[in-house]
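Since every read-out is calculated from the coordinates, none of them should be taken as a lab result. Only a predicted model underlies this, so the values are computations on that prediction, with no experimental measurement involved. Heads up, the Cβs are rebuilt from the backbone with ideal geometry, glycines too, and the neighbour counts pull from every protein chain shown.
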Amino acid sequence: MSHSEPGTKLAHCDVDFTQRTEYHQGLEAIRAAHKVLAEVSFTPSLPERGYNDRTLHVDFSTLAVTEKPVTQQMKDIFVGGRGFGLWHLWNAVTPATRWNDAENEIIISPGPVAGMTQYAGTGKSLVVTLSPQTDIPVDSNVGGYFGPLLKFSGFDALELQGKADRDVILFIDGTKGIIRIEEAPLEPVDSHVLAEILTRMYAENDADRVNISVVSTGAGADHSLIGMLNFSWWDLRRGCIRLKQAGRGGIGTVFRDKRIRALVCRGPQVKGNLNHPADPETIARTGIKFHKEMHDNDDSQCKMRRNGTAHIVEIMDAYDLLPTHNFQYGSHPETHRIASPVWEARCTQATVDGCWYGCSMACAKGADGVVLKTGPYKGHMVTVDGPEYENAAGLGSNGGIFDPDYLLELNFYCDTYGICTITWGTLCAFVMECYQRGILNLERTGGLDLTWGNAEADLEMMHQMARGEGFGRIAGQGVHKMKAIFAERGWGDPGLLGDIGMECKGLEYSQYMSKESLAQQGGYALTNKGPQHDEAWLIFMDMVNKQLPTFEDKAEALYYFPLFRTWFGLNGFCKLPWNDVVPSDNATTAEPAKVPEHVQNYVDLFTATTGLKIDKDELIRQSAKVYNFQRVFNIRMGKGLRSFDIPPYRSVGPVTREEYESRAERYDKQMLEEIGVAPAGKSVEEKLAITRAYRMKRYESLVDAVYLRRGWTPEGVPTLARLQDLGLDVFPEVVEIVRAHGG
Ligand code: SF4
């Protein structure tokens with residue numbers, strides 16, 4: 001297929017899809033094949049002080065579309081976003097529900113502040129479901145326009161339940177008040193094409209594309225447990241769709257299990273006052289103040305506008321924190337090949353890359369004009385959304401891949417196939433280490449030579465997974481299930497597999513080395529959903545700046561920061577503008593790690609939107625209600641106790657002889673000064689054992705301190721007193737669960 005052939009061109013993917021058989025007969029034919037299975041009308045509305053007070057519920061088994069009220073109790077206890085998602089999920093499932101049961105739901109909720117256009121990072125949606133990887137609730141914070149457009153159509157949350165008997169699209173027209181479930185037999189599968197086609201199909205004219213957002217996934221979600229969701233927006237300057245990902249925990253897999261091909265929302269034209277906030281002046285003033293900070297400080301601080309989050313690749317490497325070869329090491333001589341100057345040159349700079357209106361941080365960078373070398377889109381010229389830091393580290397250094405072209409290609413295929421880049425990076429690193437150690441070989445991988453740095457084998461494994469074939473299909477089960485499969489087949493020592501398989505609760509680690517930060521070891525393993533840095537990122541406070549010297553200091557940080565960060569997900573905020581640029585005088589404040597001026601901004605923005613007066617303590621209390629509720633939810637699903645908060649040893653210390661020897665000076669010094677044992681004359685094996693015993697004991701002491709600070713029992717159960725303090729004792733089943741577990 002030549003790129004110069006006539007027809008309708010997709011800018012995101014330079015493909016003449018009207019001519020390609022795999023895209024069927026083109027847009028008109030795709031549209032003509034749609035059959036309306038259900039249609040209901042509703043009264044569109046705009047939020048009042050951030051809320052519409054309505055949830056939309058869709059049952060794909062019965063094709064029933066209904067509205068439910070958002071109660072005052074929901075707002076008081078759960079606020080919105082992740083809180084609403086967890087509450088709806090709690091009511092939808094039982095302890096016996098599994099991810100692929102019809103009653104499991106996917107809930108999308110943007111939060112009361114979401115949709116604001118005056119401050120940076122205010123267009124996020126929270127997606128909640130029972131995860132196929134962990135069997136407990138997973139929550140994912142995602143940009144793109146869908147959540148705000150849903151809200152400006154009239155709904156604070158969307159519940160997707162049941163299973164369709166064929167592939168369907170849910171279309172919500174928030175301008176005409178129509179909701180349709182349509183059979184969609186001819187749609188292409190992968191997100192970069194599907195979202196573009198549907199945006200063009202449902203927009204009433206070219207100018208209307210900006211009012212359309214599509215939620216979709218790709219072929220990878222059909223054949224794996226690690227599927228994710230892409231949320232689109234129309235990039236006016238590029239003239240194509242862009243994608244942001246709700247990545248973690250396999251939400252895309254649940255989406256496809258329900259036979260949902262896509263969600264499409266068409267909202268009203270966005271303006272600055274659609275939330276009908278209580279105090280627009282305060283919002284405008286706070287926004288202007290922040291935009292000036294971005295303008296003045298970004299270039300000298302994080303350069304988010306030029307590099308996005310990829311700016312930290314070389315910083316992580318310099319501090320020995322960049323995961324390399326499956327988290328064995330923290331730096332690599334070739335890191336410069338995937339460092340920020342490379343991405344600054346590869347990403348288009350003559351544009352503004354915000355994933356929602358008004359985001360002056362604009363970190364959603366994109367590399368244009370990338371010609372693919374492999375897979376079903378080989379030869380196509382595409383725009384790659386990213387790479388972000390997690391992509392560069394996970395798809396790059398962690399697998400020993402330092403070729404930026406291949407890294408972009410891996411990033412692209414993860415996105416369009418609808419699989420989580422963080423998860424893929426960590427599971428690839430795991431299988432590559434298994435290959436290094438002879439646990440896997442050519443015969444066991446069906447011919448895939450998974451040596452470190454072999455990007456072509458990595459890509460082939462991904463294409464296999466998307467086709468549902470070969471070893472790729474096994475890889476798509478994730479690290480937790482692979483460990484069991486390998487052990488069952490007698491392919492490796494289960495103890496070693498447990499040590500090097502970087503997952504906790506069934507979810508793969510995100511891309512930071514935590515060996516030298518006890519606080520971050522807890523920050524990962526003590527999370528509700530599994531090890532993801534969006535809950536706590538304490539490495540610099542702990543390891544670099546030495547601000548958390550005692551167990552109590554670390555426990556306080558592991559009390560405050562997970563709650564503070566939870567709050568972003570209740571409201572529809574992006575975390576990045578909180579601390580990726582800070583006021584010039586932030587270092588002189590009493591608690592610079594908290595960025596006090598920005599905390600006050602968030603307090604002001606919440607109050608100015610909802611009219612509810614809160615302060616910084618009430619902000620934490622709002623989160624604590626949802627956080628503790630989620631912990632009880634985990635216990636209800638059989639996975640919330642202390643034994644599930646234990647990390648793989650690779651995240652705590654050196655597992656192998658090579659790891660110890662690579663940092664022998666550091667470990668020997670620690671043995672002498674911290675453990676009080678002289679390393680001289682000891683074998684590496686003896687030193688590994690002494691280090692391990694010390695570090696695991698230290699980790700257990702940390703868990704004791706954190707549970708105490710959080711108001712949990714030594715088994716990790718929120719106490720009844722804690723529930724009463726937070727007002728969660730109004731839910732009898734919550735009380736019953738903690739009582740049954742000694743809370
Ligand atoms: S900071 Fe980046 S991820 Fe966050 S809202 Fe802005 S563009 Fe999106």
Based on Cβ point charges of +1 for Lys and Arg and -1 for Asp and Glu, what charge dipole magnitude is obtained for region 635-686 about its Cα centre, in debye rounded to the nearest 20? 460
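Could you grab the relative contact order for region 491-616? Cα pairs under 8 Å, six or more apart, rounded to a whole percent.
14
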Overall Cα dimensions of region 349-478, principal axis frame, Å, largest first: 51, 26, 24
Please give the FRET efficiency for Lys373 paired with Ile646, using the beta carbon to beta carbon distance and R0 = 51 Å, rounded to the nearest 0.05. 0.80
About the Cα centre, charge dipole magnitude for region 600-641 (Lys/Arg +1, Asp/Glu -1 at Cβ), debye: 340
Computed over region 501-627, the convex hull of the Cα set has an average projected area, in nm², of 8.4
Whose amide H sits under 5 Å from the amide H of Ile178, counting only residues 5 or more places off or on another chain, with H placed in the peptide plane? Phe42, Asp173
Report Rg/Rh for region 52-144, rounded to two decimals, where Rg is the Cα radius of gyration and Rh the Kirkwood radius. 0.98
Evaluate the distance, in nm, between pseudo-label points positioned 7 Å from the Cα of Arg49 and of Arg698 along their respective Cα→Cβ axes. 5.0
Suppose a student asked you for the relative contact order of the chain, using Cα pairs under 8 Å spaced at least 6 residues apart; what percent would you report? 14
So, with points 7 Å from each Cα along the Cβ direction, the Leu720-Glu443 label distance in nm works out to 6.1
About the Cα centre, charge dipole magnitude for the chain (Lys/Arg +1, Asp/Glu -1 at Cβ), debye: 860
By count of other Cβ within 10 Å, fewest leading, how are Phe568, Phe633, Phe84 ordered? Phe633, Phe568, Phe84
From phi via Karplus (6.51, -1.76, 1.60), per-residue ³J(HN,Hα) for region 340-353 in Hz, x at Gly/Pro: 4, x, 5, 6, 4, 6, 7, 7, 5, 9, 7, 7, 10, 9
So what is the calculated 222 nm ellipticity per residue for the chain, using -39500 (n - 2.57) for each DSSP H run with n of 4 or more, over all residues, to the nearest 500 deg cm²/dmol? -11000 deg cm²/dmol
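Fewest to most neighbouring Cβ within 10 Å: what's the order for Thr550, Thr589?
Result, fewest neighbours first: Thr550, Thr589.
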Provide the net charge surrounding Gly330, with neighbours chosen by a C-beta distance below 10 Å and charges set as Lys +1, Arg +1, Asp -1, Glu -1. -1
Using alpha carbon positions and the Kirkwood radius, the Rg to Rh ratio of region 98-244 is 0.94
What are the semi-axes of the equivalent ellipsoid for the chain, taken as the square roots of 5 times the Cα gyration tensor eigenvalues, largest first, in whole Å? 37, 31, 26
Want the number for Ala590 to Asp299: 0.36 nm per residue separation, take away the alpha-carbon distance, what's left? 102.3 nm
Radius, Kirkwood style, for region 185-245 when every pair of distinct Cα atoms is counted (Å): 11.9
Averaging sequence separations of C-alpha pairs under 8 Å and six or more residues apart, then dividing by the length of region 234-385, give the relative contact order as a whole percent. 17
Less than 11 Å Cβ to Cβ from Arg663, Lys/Arg counted +1 and Asp/Glu -1: what total charge do the surrounding residues give? -4
Separation of the Glu344 and His276 label points, Cα + 7 Å toward Cβ, nm: 4.7
What is the set of long-range amide H partners of Ala64 at a cut-off below 5 Å, with H atoms built 1.01 Å from backbone N? Asp59
Which ³J(HN,Hα) values in Hz, rounded to whole numbers, follow from the phi angles of region 378-384 under the Karplus curve 6.51 cos²θ - 1.76 cosθ + 1.60, where θ = phi - 60° and Gly and Pro get x? 3, x, 6, 9, 10, 9, 9
On average, how much area does the Cα convex hull of region 261-357 cover when viewed from any direction, in nm²? 10.8
Using modelled amide H (1.01 Å from N, peptide plane; none on Pro or chain starts), what sits under 5 Å from the amide H of Gly366, excluding residues fewer than 5 places away? Thr348, Gly386
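What net charge is computed for the residues neighbouring Pro341, neighbours being all others with C-beta under 11 Å from the C-beta of Pro341, Lys and Arg scored +1, Asp and Glu -1?
Summing Lys/Arg as +1 and Asp/Glu as -1 gives +2.
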I need the phi-derived Karplus couplings for region 436-445: 6.51 cos²θ - 1.76 cosθ + 1.60, θ = phi - 60°, integer Hz, Gly and Pro marked x. 4, 8, x, 5, 10, 8, 4, 5, 6, 8
Classified through the alpha carbon gyration tensor (a ≥ b ≥ c as square roots of its eigenvalues; rounded if a/c is under 1.5, else prolate when a/b is larger than b/c, else oblate), region 159-223 comes out oblate
When every alpha-carbon pair in region 191-290 is counted, what percent end up more than 18 Å apart? 56
Starting from the Cα of Asp320, move 7 Å in the Cα-to-Cβ direction to define the label point; list residues of region 497-536 whose amide nitrogen is under 13 Å from there. 513-517
If r is the Cβ-Cβ distance from Thr71 to Met381 and R0 is 45 Å, what FRET efficiency results, to the nearest 0.05? 0.35
FRET E, pair Arg621, Asn91, Förster distance 25 Å, beta-carbon r, rounded to 0.05: 0.60
What is the gain in length, in nm to one decimal, between Asp729 and Glu685 on full extension, counting 0.36 nm per residue of separation less the C-alpha to C-alpha distance? 10.8 nm
Based on other C-beta atoms within 10 Å, arrange Asp298, Asp403 from fewest to most. Asp403, Asp298
Gain in length, Ile614 to Thr175, computed as 0.36 nm per residue apart minus the alpha-carbon separation, to one decimal in nm? 154.7 nm
List the trypsin sites (Lys or Arg not before Pro) in region 466-495 that DSSP assigns to loop (not H, G, I, E or B) and whose Cβ has at most 11 other Cβ atoms within 10 Å. Which are they? Arg489
